[in-house]
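Undergrad: The structure under discussion is supplied below as structure tokens; questions concerning it will follow.
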Amino acid sequence: MKKVVLAYSGGLDTSVAVAWLRERYEAEVVTLTVDVGGGSLRSGVADRAISAGASRAYVVDARRQFVEGFVRPAVRAGALYQGVYPLATALARPLIAQLLVEVAHREGADAVAHGCTGKGNDQVRFDVAVKALDASLEVVAPMRIGMGLSRDQEIEYALERGIDIPVTHASPYSIDVNLWGRSIETGVLEDPWVAPPRDVYAWTVDPSEAPSPVEITLGFEAGVPVSLDGRELDPVELVETLNELAGSHGVGRIDHVEDRLVGIKSREIYEAPAAVVIHAAHKALEGLTLSKDQLRFDRLVAAEVAQATYDGLWFSGLQANLREYVRTAQRVVEGEVRVRLDHGTSAIVGRRSPNSLYDHALATYDAGDAFDHASAVGFIAIFGLPLRTEAGRQDGASWATPLLDDLPLEVADAEAVLVG
Ligand code: ARG
């Protein structure tokens, strides 16, 4: 290994990794810092990389590409891992991996590196994505192959080498952040019975301390949000604005015991105000604009996309094909959704669409009902035919446990009416 491109956050671990890679491999180290929003970009990061011994430090603002190329496909697909996790960390990994590969090519590097441990999902995502894009690149993870220093050792290691280390307090948690969400783990959270302490949260207020409820309107086009309260916003701004707004109402906290790819159950806390509201609103609009069969099939697609995204398989042919299917299927998911933000909850209170499949004349019980009630008789006769046949020949009544004999019962008889 002669030249390596390291995914660099500017934190203590990756700062030490710059020096460690240089000393251990006598390699030239180029760092890559990707701004994926949500406060992921630390100030002075390039200077710090150089002070740690990097020969060159790239800093890339990839927020727009992150939202357009990764977050939006996940929204369209309704991708929530195990039904709850909006996949913030998982979605950013393939983007960062791709940029690592592109910078490696530009730099003529023969390896890339990342600061993941050997126990999590992120190492798998980086390794698998990098190898999918260029199998000739070596992937090095210092934390996985012996760098493993304690925090105090890392500080000492950095001070000895004159590395400008970040002057932040040691967080009791391991935190990953981007504009789609904050992921928090370790510390007291490792006991799944322990309620998350206040200091876990940075984007959401305690729901009991939220201000009076508000109602917002999210506008969608082709399955993705494009406006807030009638105002068109660019994709990054929309997510950032909604994070702030929904977070200020305590919306977006997720407490999840999740199944990691490496076989471990792990307690995770997420803060994802925009993601929670957008997914809920998107689902409500799908209910109005997609057919019953599309909705049923898309649940399968959502689960498949979520699992594969979680598992780091973003760059597989199947996933690319599914994203294409979803993109065309979502063409009609257009309209507006009203959402009420109320002390930690986001309730859907209204939806409308030019492509709505909801037909008031068919649905109403009031005057103007256009549904043909008499036709229901013929429909039911045919629909119920196989069950009638089966029940008649195979003692269908035997599937029902008798109820009446075991129930407390009152019987009132009509009094005899005497005439004359
Ligand atoms: N469990 C989540 C995932 O695998 C989040 C991991 C976040 N990493 C962290 N250092 N907190 O996507």
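Undergrad: Given (1) at pLDDT below 95; (2) more than 27 Å from GLU286 (Cα to Cα), where does ASP359 come up short, assuming only one miss?
TA: Single failed check for ASP359: (2).
Undergrad: Filtering segment 304-322 down to residues that are not aromatic (Phe, Trp, Tyr) and not in a helix (DSSP H, G or I), which residue is surrounded by the most Cβ atoms within 10 Å (Cβ to Cβ)?
TA: Here is the first cut: in segment 304-322, the ones not aromatic (Phe, Trp, Tyr) are 304-309, 311-313, 316-322.
Right, trim to not in a helix (DSSP H, G or I) and you get 311-313, 316.
Numbers: ASP311: 17, GLY312: 23, LEU313: 19, SER316: 14.
By that ranking, first place goes to GLY312.
Undergrad: Does segment 16-38 hold any residues that are more than 29 Å from VAL71 (Cα to Cα), outside any strand (DSSP E or B) and β-branched (Val, Ile, Thr), and which are they? Quick ask: steps written out before the conclusion?
TA: Looking only at segment 16-38, we keep the residues that are more than 29 Å from VAL71 (Cα to Cα), and these are 16-29.
Filter once more, keeping what is outside any strand (DSSP E or B): 16-27.
Selection gives VAL16, VAL18.
Undergrad: Here are SER183, SER227, SER174, SER150: which of them is in contact with an Asp or Glu (Cβ under 9 Å, 6 or more places away or on another chain) and over 25 Å from SER346 (Cα atoms)? I'd like the intermediate steps shown before the answer.
TA: Details: SER183 fails: over 25 Å from SER346 (Cα atoms); SER227 fails: over 25 Å from SER346 (Cα atoms); SER150 fails: in contact with an Asp or Glu (Cβ under 9 Å, 6 or more places away or on another chain).
Checking each option against the conditions leaves just SER174.
Undergrad: From the set of residues in segment 182-206 that are of a type outside the set (D, E, K, R) and within 9 Å of the ligand (Cβ to nearest atom), which is modelled with the lowest pLDDT?
TA: Looking only at segment 182-206, we keep the residues that are of a type outside the set (D, E, K, R), and these are 183-184, 186-189, 192-197, 200-205.
Filter once more, keeping what is within 9 Å of the ligand (Cβ to nearest atom): 183-184, 186.
Numbers: SER183: 98, ILE184: 97, THR186: 93.
So, considering only residues that are of a type outside the set (D, E, K, R) and within 9 Å of the ligand (Cβ to nearest atom), the one modelled with the lowest pLDDT is THR186.
Undergrad: Moving to a separate point now. Kindly evaluate GLU215 against the criterion of being away from the ligand (no atom under 16 Å from the Cβ), within 30 Å of ILE278 (Cβ to Cβ) and within 28 Å of the chain's Cα centre (by Cα).
TA: yes
Undergrad: Picking from VAL128, VAL101, which residue would you name as being under 25 Å from GLU268 (Cα atoms), surrounded by fewer than 23 Cβ atoms within 10 Å (Cβ to Cβ) and among the β-branched types (Val, Ile, Thr)? Show your work before the answer.
TA: Working: VAL101 fails: under 25 Å from GLU268 (Cα atoms).
The match here is VAL128.
Undergrad: Being touching a helix residue (DSSP H, G or I) at 6+ places or on another chain (Cβ under 7 Å) and either in contact (Cβ under 8 Å) with a residue 60 or more places away in the chain or away from the ligand (no atom under 15 Å from the Cβ) (or both): is that true of LEU228 here? Working first, answer last.
TA: On the way: touching a helix residue (DSSP H, G or I) at 6+ places or on another chain (Cβ under 7 Å): yes; either in contact (Cβ under 8 Å) with a residue 60 or more places away in the chain or away from the ligand (no atom under 15 Å from the Cβ) (or both): yes.
So LEU228 fits the description; yes.
Undergrad: Output the number of residues of segment 320-341 satisfying the condition of being touching a strand residue (DSSP E or B) at 6+ places or on another chain (Cβ under 8 Å) and more than 13 Å from GLY78 (Cβ to Cβ).
TA: 8
Undergrad: Here's a follow-up. Does any residue of segment 330-338 turn out to be under 21 Å from GLU221 (Cα atoms) and part of a loop (DSSP other than H, G, I, E, B)? Lay out the reasoning, then the answer.
TA: Step one: of segment 330-338, the residues under 21 Å from GLU221 (Cα atoms) are 330-338.
Within this subset, residues satisfying the condition of being part of a loop (DSSP other than H, G, I, E, B) are 333-334.
Scanning segment 330-338 turns up at least one residue that is under 21 Å from GLU221 (Cα atoms) and part of a loop (DSSP other than H, G, I, E, B).
Undergrad: Please go through segment 281-303 and give me each residue that is surrounded by fewer than 13 Cβ atoms within 10 Å (Cβ to Cβ) and either more than 18 Å from PHE220 (Cβ to Cβ) or at pLDDT below 95 (or both), ordered by number.
TA: LYS292, ASP293, ARG296, ARG299, LEU300
Undergrad: Filter segment 72-86 down to the residues that are more than 14 Å from the ligand (Cβ to nearest atom) and under 21 Å from VAL34 (Cβ atoms) and list them by number. Walk me through it before giving the result.
TA: Here is the first cut: in segment 72-86, the ones more than 14 Å from the ligand (Cβ to nearest atom) are 72-73, 75-78, 83.
If the condition is that a residue be more than 14 Å from the ligand (Cβ to nearest atom) and under 21 Å from VAL34 (Cβ atoms), then ARG72, PRO73, VAL75 are the ones that fit.
Undergrad: Can I ask one more? Collect the residues in segment 70-126 that are more than 19 Å from ALA303 (Cα to Cα), β-branched (Val, Ile, Thr), touching a helix residue (DSSP H, G or I) at 6+ places or on another chain (Cβ under 7 Å) and outside any loop (DSSP other than H, G, I, E, B), keeping them in residue-number order.
TA: Within segment 70-126, VAL101, VAL112 qualify.
Undergrad: What's the total number of residues in segment 221-264 that are more than 25 Å from VAL205 (Cα to Cα) and within 18 Å of the chain's Cα centre (by Cα)?
TA: 5
Undergrad: Still on this structure: Which residue out of GLU415, GLU390 is more than 30 Å from TYR358 (Cβ to Cβ) and outside any helix (DSSP H, G or I)? First the steps, then the outcome.
TA: Details: GLU390 fails: outside any helix (DSSP H, G or I).
Sole residue among the options that is more than 30 Å from TYR358 (Cβ to Cβ) and outside any helix (DSSP H, G or I): GLU415.
Undergrad: Would it be correct to say that VAL333 is out of contact with any Gly (no Cβ under 6 Å at 6 or more places or on another chain) and surrounded by 14 or more Cβ atoms within 10 Å (Cβ to Cβ)?
TA: Numbers: out of contact with any Gly (no Cβ under 6 Å at 6 or more places or on another chain): no; surrounded by 14 or more Cβ atoms within 10 Å (Cβ to Cβ): yes.
Considered against the rule, which asks whether it is out of contact with any Gly (no Cβ under 6 Å at 6 or more places or on another chain) and surrounded by 14 or more Cβ atoms within 10 Å (Cβ to Cβ), VAL333 comes out as no.
Undergrad: What is the one condition in (1) farther than 18 Å from VAL177 by Cβ; (2) in contact with a Lys or Arg (Cβ under 9 Å, 6 or more places away or on another chain); (3) within 16 Å of the ligand (Cβ to nearest atom) that THR89 does not satisfy?
TA: All conditions pass for THR89, except number (1).
Undergrad: Among the residues of segment 172-191, is any of a type outside the set (Phe, Trp, Tyr), touching a Pro at 6+ places or on another chain (Cβ under 8 Å) and within 30 Å of PRO354 (Cβ to Cβ)?
TA: For segment 172-191, residues of a type outside the set (Phe, Trp, Tyr), touching a Pro at 6+ places or on another chain (Cβ under 8 Å) and within 30 Å of PRO354 (Cβ to Cβ): absent.
Undergrad: How many of the residues making up segment 149-181 are within 15 Å of the ligand (Cβ to nearest atom) and at positive phi?
TA: Summing the residues that are within 15 Å of the ligand (Cβ to nearest atom) and at positive phi in segment 149-181 gives 1.
The values are calculated or read from the model by the stated rules, or taken from the named source; none is laboratory data. Predicted model only: the values in this text are computed from it and were never measured. For neighbour counting, all protein chains shown are included, and Cβ atoms are generated from backbone atoms with ideal geometry for every residue, glycine included.
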